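**Student:** First the structure, then my questions, so here it is.
The values are calculated or read from the model by the stated rules, or taken from the named source; none is laboratory data. Owing to the predicted nature of the structure, the values given are computational and were not obtained by experimental measurement. Neighbour counts run over all protein chains shown; Cβ positions are idealised from the backbone, glycine included.
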Amino acid sequence: MIRKENVMNIENKTILITGANRGIGRALVEEALKRGAKRVHAATRQPFTHSDGRVTQLTLDVTNAAQIQDAVKKVEALDILINNAGVDLHEDLSERANLERHLAVNLFGTYGVSQAFLPLVARSQGAVVNVLSLAALASVPFTPAYSISKAAAFSLTQSLRAFWAARGVKVHAVMAGPVDTDMTRYLDIPKFSAESVARGILDGLEKGDEDIFPDPMSESIAEGWRSGATKALERQFAAYMPQSEAKATLSGDTNDWDSMRRLKAKGARMRKILTASVILALLFSITASAQNAEKTRRLEPLPRDLEIQLALSALPPHLRDNATVYVLNPDKGFEVARKGTNGFHTFVARTGDDSFRGTWLLKEYRDDILYPISFDEAGAKTQMPVFFDAAAMQAKGIPSEELKKIIQERYKTSYYKAPERAGVSYMLSPILRTYVNPDANDSLATSNIPHVMYYAPNVSNDEMGGAMPTPEQFAYYMQHGRWPDTPYPFLILHGPHGYMVQFRGAAERDAITKQYEGMLARLCKIKEAWCLPH
Ligand SMILES: NC(=O)c1ccc[n+]([C@@H]2O[C@H](COP(=O)([O-])OP(=O)(O)OC[C@H]3O[C@@H](n4cnc5c(N)ncnc54)[C@H](OP(=O)(O)O)[C@@H]3O)[C@@H](O)[C@H]2O)c1
């Protein structure tokens, strides 16, 4: 289960709270100050003063576009935006206007303010917190217009969450139960104090809960919600947002919907992928997620120093010092461990591109696959995203069989392009564990076959004069995990992502193995499958 998405301490942070003059908003101001916030922008419709010098008042009716723009101009930096302003007018659905009044504040107010402050929150890699309600999850029949508006605001929250992840902005939903404020004066039921709920909201934010359940009533459904089918489906849909593409497109302080429009302008290709994704989702979604806990198995990370050493072992010595190194965060995907300058990128694949070859079903995420691989700039743009997207989707809980279909669909629709020039992927590590012949089946081997791969898009083995290893060479390889001699180059992964593979000779292989004796011993201690055969 993925839960801790983010850790955000309030101390020293700049926070803006809408509807800050009373109820939960007011309590949030006090709680943020107690936790050491550097500045609290109290956004209110009414005049508002506070004795603490860290509080500044902003005039803000969330339905007023001009006031929103004025407020943005007055705020220099922002770490956390809390969309708290809300109305519950206790109206029925007999008049369309009733619904519109709720939507104007609870949905469009939240939308307008979030949108306007996004550049500031993105700059600080901060968070947006939308104060919703349990009514967003199940309609409260005596206040239907309010329930509809909170459900819509929750859907907005989920979309922004998926979309703004590429900007480094976390978007949280607060699913509060009944709170003792003006809003619920008319309700004679047990309620929680605004102060305790404000504490619960900031506790949840500090813990990194994506969906925050800030009081005992909401907390009682929290665990069920987080492990339930609806949450799994949200993650699944979110994973269809191609992060590599979004990251490339969503940069700077641009208006986010402009970025969305640019993404859309990529048009047919994107639509094809999304359509395929939705069909796949319908085919595989809820039942698959519920039944396939095994297939969404979280990977155990390697000790960080070992993972970095292993990743660097893919490269020749002269490229190691200045390469960019990534490590796998099983809750998120690959993250930069060390930024380099020489244009080479290296990491250890744990569910690599081999998993997506052939027609066999990827029945489970294996925890023993491991292959250090590196790319130059051309490959980093075109071959590497397959690994990164796969790791991100695995982290989000996409079942393994489905992930294979998604990646294969992306290959088919040319979402993943061929490298734009000739180039190189070094795989010089003394160890790799992966599929032996993934075009045919899922049998695995651990081997010591340092090699170099050159991009060879859209040429066949015959055209390049590739010589596949003989049956005798293969038999030796299967038994010993290395070649008896140095095979001639041959082509793998025919098509836009083809590589010409050239193995290192026995003397160089043995030298590399000697150099990495310690690393190999550590790996072998962690998992038997990572012991090199003799
Ligand atoms: N109370 C509950 O049981 C409960 C439960 C779950 C979630 N919530 C949510 O928690 C949030 C705060 O509710 P509360 O219980 O603290 O309610 P409250 O005491 O009625 O306070 C509502 C706040 O929102 C502000 N507001 C309303 N319309 C606004 C607008 N157009 N522009 C800017 N501010 C506006 C109000 O400002 P004025 O003073 O100017 O009117 C007030 O500060 C709401 O989003 C609500 O839906 C409440």
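**Student:** Determine whether THR434 is surrounded by fewer than 20 Cβ atoms within 10 Å (Cβ to Cβ) and of a type outside the set (Asp, Glu).
**Tutor:** no
**Student:** Scan the stretch 72-88 for residues that are away from the ligand (no atom under 14 Å from the Cβ) and part of a loop (DSSP other than H, G, I, E, B) and jot them down.
**Tutor:** Answer for the stretch 72-88, where residues must be away from the ligand (no atom under 14 Å from the Cβ) and part of a loop (DSSP other than H, G, I, E, B): VAL75, GLU76, ALA77, LEU78, ASP79.
**Student:** Now, a different point. What tally of residues in the stretch 126-148 results from selecting those that are over 29 Å from ALA37 (Cβ atoms), part of a helix (DSSP H, G or I) and of a type in the set (Gly, Ala, Ser)? Steps first, please.
**Tutor:** Initially, the stretch 126-148 is screened for residues over 29 Å from ALA37 (Cβ atoms), giving 137-148.
Imposing the further condition that a residue be part of a helix (DSSP H, G or I) reduces the set to 144-148.
This time we only want the ones that are of a type in the set (Gly, Ala, Ser), so: 145, 147.
Residues flagged as over 29 Å from ALA37 (Cβ atoms), part of a helix (DSSP H, G or I) and of a type in the set (Gly, Ala, Ser) within the stretch 126-148 amount to 2.
Per-residue answers, yes or no, for (1) buried (at least 21 other Cβ atoms within 10 Å of the Cβ); (2) in contact with a Phe, Trp or Tyr (Cβ under 7 Å, 6 or more places away or on another chain); (3) not assigned by TED's automatic domain parsing to the domain that holds PHE344:
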{"site": "ARG366", "(1), (2), (3)": "no, no, no"}
{"site": "ASP389", "(1), (2), (3)": "yes, no, no"}
{"site": "ILE406", "(1), (2), (3)": "yes, no, no"}
{"site": "SER414", "(1), (2), (3)": "no, no, no"}
{"site": "GLY423", "(1), (2), (3)": "no, yes, no"}
{"site": "ASP439", "(1), (2), (3)": "no, no, no"}
{"site": "MET464", "(1), (2), (3)": "no, no, no"}
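**Student:** Does LEU33 fit the bill of being within 16 Å of the ligand (Cβ to nearest atom), surrounded by 15 or more Cβ atoms within 10 Å (Cβ to Cβ) and in the same structural domain as VAL174 (by TED's automatic domain parsing)?
**Tutor:** Answer is no for this residue.
**Student:** For the stretch 89-110, how many residues are within 14 Å of ASN130 (Cβ to Cβ) and near the ligand (Cβ under 8 Å from one of its atoms)?
**Tutor:** Taking the stretch 89-110 first, the residues within 14 Å of ASN130 (Cβ to Cβ) are 105-110.
Filter again for near the ligand (Cβ under 8 Å from one of its atoms), leaving 105-106, 109.
So the count comes out to 3.
**Student:** Suppose we filter the stretch 439-489 for residues that are β-branched (Val, Ile, Thr) and out of contact with any Lys or Arg (no Cβ under 9 Å at 6 or more places or on another chain); how many remain? Don't jump to the end; show me each part of the working.
**Tutor:** Step one: filter the stretch 439-489 for residues β-branched (Val, Ile, Thr), giving 446, 449, 452, 459, 470, 486.
When the remaining residues are screened for being out of contact with any Lys or Arg (no Cβ under 9 Å at 6 or more places or on another chain), the result is 459, 470.
Residues in the stretch 439-489 being β-branched (Val, Ile, Thr) and out of contact with any Lys or Arg (no Cβ under 9 Å at 6 or more places or on another chain): 2 in total.
**Student:** Against the conditions (1) away from the ligand (no atom under 16 Å from the Cβ); (2) under 29 Å from the mean Cα position of the chain (by Cα); (3) closer than 14 Å to LEU16 by Cα, where does VAL113 fall short? Just the number, please.
**Tutor:** (1)
**Student:** For the stretch 515-534, which positions are in contact (Cβ under 8 Å) with a residue 60 or more places away in the chain and of a type in the set (A, V, I, L, M)?
**Tutor:** MET519, LEU520, LEU523, ILE526, ALA529, LEU532
**Student:** Which one is farthest from the ligand (Cβ to nearest atom), of the residues in the stretch 166-211 that are out of contact with any Asp or Glu (no Cβ under 9 Å at 6 or more places or on another chain) and aliphatic (A, V, I, L, M)?
**Tutor:** The residue in question is VAL169.
**Student:** Can you confirm whether ALA127 is assigned by TED's automatic domain parsing to the domain that holds TYR146, in contact with a strand residue (DSSP E or B) (Cβ under 6 Å, 6 or more places away or on another chain), more than 23 Å from ALA153 (Cβ to Cβ) and away from the ligand (no atom under 16 Å from the Cβ)?
**Tutor:** No.
**Student:** In the stretch 498-514, which residues are more than 22 Å from ASN437 (Cα to Cα) and in contact (Cβ under 8 Å) with a residue 60 or more places away in the chain?
**Tutor:** ILE512, THR513
**Student:** Okay, next question. Would you pick out the residues in the stretch 228-247 that are outside any helix (DSSP H, G or I), farther than 15 Å from LEU137 by Cβ and either modelled with pLDDT of 85 or more or not hydrophobic (A, V, I, L, M, F, W, C) (or both)?
**Tutor:** Within the stretch 228-247, TYR240, PRO242 qualify.
**Student:** Among the strands (runs of 3 or more DSSP E) lying completely within the stretch 1-71, list those that include at least 3 residues that are under 13 Å from LEU81 (Cα atoms).
**Tutor:** Per the criteria, 14-18, 39-44.
For every residue, the table says whether it meets (1) within 13 Å of HIS172 (Cα to Cα); (2) crowded, with 22+ Cβ neighbours inside 10 Å; (3) not hydroxyl-bearing (Ser, Thr, Tyr).
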| residue | (1), (2), (3) |
| --- | --- |
| ILE189 | no, no, yes |
| ALA198 | no, yes, yes |
| GLU206 | yes, no, yes |
| SER218 | no, yes, no |
| ARG226 | no, no, yes |
